[in-house]
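To start, the structure itself, in structure tokens.
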Amino acid sequence: MSQRSSASLPSALDRLPEFRRRLEGKRAAVFLDYDGTLTPIVAKPELAVLSEAMRDAVDRLSRLCVVAVISGRARRVVEGFMGLDRVIYAGSHGLDIAGPGSPGLRKDVGGEFREIIDGFFAKLSQEVSGIAGALVEHTVYGATAHYRQVAPDRVAWVEEAVDRVLAGYPTLRKTRGKMILDIRPRVEWDKGKAALWILESLGLAPSNALALYIGDDLTDEDAFREMKGRGAGILVTGATPRTTMATHSLRDVEEARRFLEAFISLLEAGPQA
């Protein structure tokens, strides 16, 4: 599957008739990133509070189809922000998955790395403590260095600090996001594999389900790739075009909410004659 410019992608809002056709005889499954998709990108992680309109849309959608939120944040943090009990939550880029019901879905890929992550987080926090605006977030099975509030001429210092500490942790790796550096275990697992595991665990194959993944970050590209033959990857583009594996686009969080509302109406209408 080749990459293309996000500027050339069709709007998912304009392709609702296409999704209606592709849903015939199938169940829907909707995967959502959190930051930049359900909430705008904010200066500090704790400020990313879900709007009531978006919470209502996701809640209504979860009553009609499978809904999973896959985030780089800790699973419990996202659960707290969302406050919805019908949603599947996958934190730490999908390393930690839990679904509703009893016993419900459960997948723990990164548990053996928790002590390692604890040590890395403590050391990196100390290393960046003198860099104004730098912030390190503990995501349970990973850590995220935020530099959105760091002066442009000091951003390189943050990455240098990450690299210095990371050199002592060969089982961890660094990936990039929007003005963040994510540290994760060196395991063959990502948001795309998490989405596939959820689909397979629920018996949702390409023959009986249409899967949509909506996200904005570079880490969502792994999931866009996995949507080939299963549904669609929908990129929330923001202001800056980029190359992507997504097949459709939405401009911002507000368009993402409008799409969810329209998709709800589509599901509520049921099969068309």
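Tell me, Kirkwood radius of segment 111-185 from alpha-carbon pair distances, in Å?
For segment 111-185, the Kirkwood estimate is 12.1 Å.
For the pairs Lys26/Lys193; Lys26/Lys174; Lys44/Lys191; Lys123/Lys228, flag any whose C-alpha to C-alpha distance is greater than 31 Å. Numbers along the way, then the final one.
On the way: Lys26/Lys193 21 Å; Lys26/Lys174 38 Å; Lys44/Lys191 23 Å; Lys123/Lys228 40 Å.
Checking Cα-Cα distances, Lys26/Lys174; Lys123/Lys228 exceed 31 Å.
Cα gyration tensor of the chain, axes a ≥ b ≥ c as square roots of the eigenvalues: rounded (a/c below 1.5), prolate (a/b > b/c) or oblate? Let's see the in-between values first.
Working: a/c = 1.93, a/b = 1.60, b/c = 1.21.
The shape class here is prolate.
Net charge near Arg257, counting Lys/Arg +1 and Asp/Glu -1 over other residues with Cβ under 13 Å of its Cβ? Mind dumping the intermediate values first?
Details: positive: Arg55, Arg60, Arg251, Arg258; negative: Glu52, Asp56, Asp59, Asp252, Glu254, Glu255, Glu261.
So the environment of Arg257 carries a net charge of -3.
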*To the nearest 20 debye, what charge dipole does segment 1-119 have about its Cα centre, counting +1 at the Cβ of each Lys and Arg and -1 at the Cβ of each Asp and Glu?*
580
*Sorted from fewest to most neighbouring beta carbons within 10 Å, what does the list His93, His146, His138 look like?*
His138, His146, His93
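Let's see if you can work this out: charge +1 on each Lys and Arg Cβ, -1 on each Asp and Glu Cβ, no other charges. What is the dipole magnitude of the chain about its Cα centre, in debye to the nearest 20?
Numbers: 37 positive and 37 negative charges, 119 e Å.
Approximately 580 debye in magnitude.
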*With point charges of +1 on the Cβ of Lys and Arg and -1 on the Cβ of Asp and Glu, referenced to the Cα centre of the chain, which listed residue (Ala43, His248, Gly111) lies farthest in the positive direction of the dipole?*
His248
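Taking neighbour Cβ counts within 10 Å as the exposure measure, how do Met179, Met245 sort from fewest upward?
Numbers: Met179 14, Met245 20.
Least to most surrounded, the residues fall as Met179, Met245.
We did not get these values from a lab; they are worked out from the coordinates using the rules stated. These numbers come from a predicted model, not from an experiment. Every residue, glycine as well, gets a Cβ built from its backbone with ideal geometry; the counts of neighbours run over all protein chains shown.
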